[in-house]
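Notes for the one structure printed next.
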Amino acid sequence: MEEVSAEINFFLLVIAGTMGMLSLVLLVYIYKKKVLTEKARLQELKNAYQKEMLQASIEAQEQERRRIAEDLHDDVGAMLSLVRLNASRASEKARDRTLKDSTEEIKALIDEIILNVKRISRDLLPSTLNEFGLIEAIKELSDKINNTSPHLIKFNYLKFEEPIDKEIELALFRIAQELINNAIKHASATEILIDLEIADDIVKLTVEDNGQGFSINKVDGGKNAAKGLGLKNIRSRVSMLDGTLEYKSSLSKGTFAQVKISKEQSSEKKVLA
């Protein structure tokens, strides 16, 4: 009888020990899960804060562009027009042929400056984008560049069956501007291919060039990241709209860049891209 009692007591001790171990394991599991949940929550807060900072930065850029464009149009443009008017009056009154020729040269120079001011103002605040949409804005940008460098840019597109959000349009236009600028000024490209389409509710912008290219490792990371190429700004705009950005580039082999942004997510965004 005593032996049976001892076996029962031993068995109970084993069960109690096992239960204790299970309780300890469960407590450790609950603790680790709580720690992981807290880490995930902190990461979400960090991501949200980073997005807010990106949004504030991009919004500030657009506001500054808008202010400069308006100042150029309203103030500088008006003053140049006044100077041109005075030059015209001086030319009409000039009796000396040399003086008359000089004032005519001044008028021609002022006309050229006025055109440049208008061009810069349009680049900073593209009215075509707001009035006619992304496709027309990129066509205008391409035509303007091709007028000075024939056949440099080829733009392929499929017309959108439904309009896309203005935030996405502005973001993609700025990205296209930056990539074209990089290809011409930094890569010395002689051919640039732009492709724009919507497939499966994904807006896709692709820009390829035959320029000298660059080393991704040197440019996209470290102290020289995005220096002079605007890659950081492009990534910020894509990130704000939860898009993806793919780069392929190597020295002397040109650059391939592709941006994909979900059309479905655009209605939930309130970003000045």
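The table that follows gives values for the structure above.
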read-out	value
Inter-residue pairs, beta-carbon under 6 Å, first within 13 Å of Lys263 (Cβ to Cβ) and in region 159-179, second assigned to a helix (DSSP H, G or I) and of a type outside the set (A, V, I, L, M), 6+ apart	Asp165/Ser266; Ile168/Ser266; Ala171/Arg237
Residues located in region 137-158, provided they are at pLDDT below 85 and either touching a helix residue (DSSP H, G or I) at 6+ places or on another chain (Cβ under 7 Å) or among the hydroxyl-bearing types (Ser, Thr, Tyr) (or both)	Thr148, Ser149
Single match in Leu125, Leu80, Leu85 (criterion: within 27 Å of Val207 (Cα to Cα) and not hydroxyl-bearing (Ser, Thr, Tyr))	Leu125
Candidates Arg89, Arg95, filtered to the one that is over 30 Å from Ile175 (Cβ atoms) and outside any helix (DSSP H, G or I)	Arg95
Matching residues, region 129-154, being more than 19 Å from the chain's Cα centre (by Cα) and of a type in the set (A, V, I, L, M, F, W, C)	Phe132, Ile145, Leu152, Ile153
One residue from Asp123, Asp143 being touching a strand residue (DSSP E or B) at 6+ places or on another chain (Cβ under 9 Å), assigned to a helix (DSSP H, G or I) and either in the same structural domain as Thr206 (by TED's automatic domain parsing) or closer than 30 Å to Ile198 by Cα (or both)	Asp143
Subset of region 116-142 [more than 16 Å from Ile68 (Cα to Cα) and surrounded by fewer than 15 Cβ atoms within 10 Å (Cβ to Cβ)]	Asn130, Glu131, Phe132, Glu136
Selection count where residues are at positive phi, surrounded by fewer than 17 Cβ atoms within 10 Å (Cβ to Cβ) and in contact with a strand residue (DSSP E or B) (Cβ under 6 Å, 6 or more places away or on another chain), scope region 170-218	0
Members of region 74-103 found to be β-branched (Val, Ile, Thr) and under 22 Å from Ser121 (Cβ atoms), listed by number	Val76, Val83
Some residue of region 35-50 being out of contact with any helix residue (DSSP H, G or I) (no Cβ under 9 Å at 6 or more places or on another chain), at pLDDT below 70 and loosely packed, with under 11 Cβ neighbours inside 10 Å	yes
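The values are calculated or read from the model by the stated rules, or taken from the named source; none is laboratory data. All values derive from a computational prediction rather than experimental measurement. Backbone-built Cβ (ideal geometry, glycine too); neighbour counts: all protein chains shown.
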